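Following: one structure in structure tokens, then a few remarks.
Values in this text are rule-based calculations from the coordinates and carry no lab data. Just so it is clear, the model here is predicted, and its values are computed rather than measured. Glycine gets a Cβ as well: all are built from the backbone with ideal geometry, and neighbour counts include every protein chain shown.
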Amino acid sequence: MTRESARDSLSTMSSAAIKAEIAGLLRAAVAPFLLTCATAYFAYHALEGERGFGTHNRLTQDIEETRKILALVVTERERLDRQAALLRTGALDLDMLDERARAVLGLIHPGEVVIYTK
């Protein structure tokens with residue numbers, strides 16, 4: 001259909017027929033438009049929403065970082081547990097006691113030279 005024939009067909013139609021034609025075209029376009037909007041809405045929230053893929057990836061990274069920190073803390077705790085075990089009265093290590101007294105109280109034996117490294 002060319003422009004001229006379309007223009008001629010519109011001029012021969014009554015205003016009621018034109019309104020009915022437009023209403024029919026709108027009705028035919030509303031359902032696909034609403035479906036497209038709904039699909040876009042759900043796709044956006046599936047990617048960026050509170051429970052979407054982006055949030056899942058961020059939480060997975062947070063879990064990995066937290067596991068690394070946990071491994072460091074567990075290692076530090078084990079080291080401190082070993083030191084505490086050496087300071088218990090049943091298995092008192094005199095060298096460890098001497099080291100801790102020097103570190104905490106700042107004690108030295110007469111004739112010792114202290115070299116500060118910090």
Exercise for the section: State which helices in the chain qualify, where a helix is a whole DSSP H run, it must extend 18 Å or more along its own axis by its Cα atoms, and its mean Kyte-Doolittle hydropathy must be at least 0.5. Expected result: 15-48
Practice task
Grab the DSSP H runs of the chain that are 4 residues or longer, score each as -39,500 (n - 2.57), total them, divide by all residues and round the 222 nm result to the nearest 500 deg cm²/dmol.
Solution key: -27000 deg cm²/dmol
Fill in the blank from the handout: With +1 at each Lys and Arg Cβ and -1 at each Asp and Glu Cβ, the charge dipole magnitude of the chain around its Cα centre, to the nearest 20 debye, comes out at 440
Practice task
State, as an integer percentage, the relative contact order of the chain based on alpha-carbon contacts under 8 Å between residues 6 or more apart.
Solution key: 6
Practice task
Compute from the Cα atoms of the chain the Rg and the Dmax, the latter being the longest Cα-Cα distance, and quote both in angstrom.
Solution key: 40.1, 120
Problem - region 6-87: trypsin sites (Lys or Arg not before Pro) in DSSP loop, at most 15 other beta carbons within 10 Å - result: Arg51
Completion exercise
Any GluC sites (Glu not before Pro) in region 68-118 that lie in a DSSP loop and have at most 12 other Cβ atoms within 10 Å would be Glu112
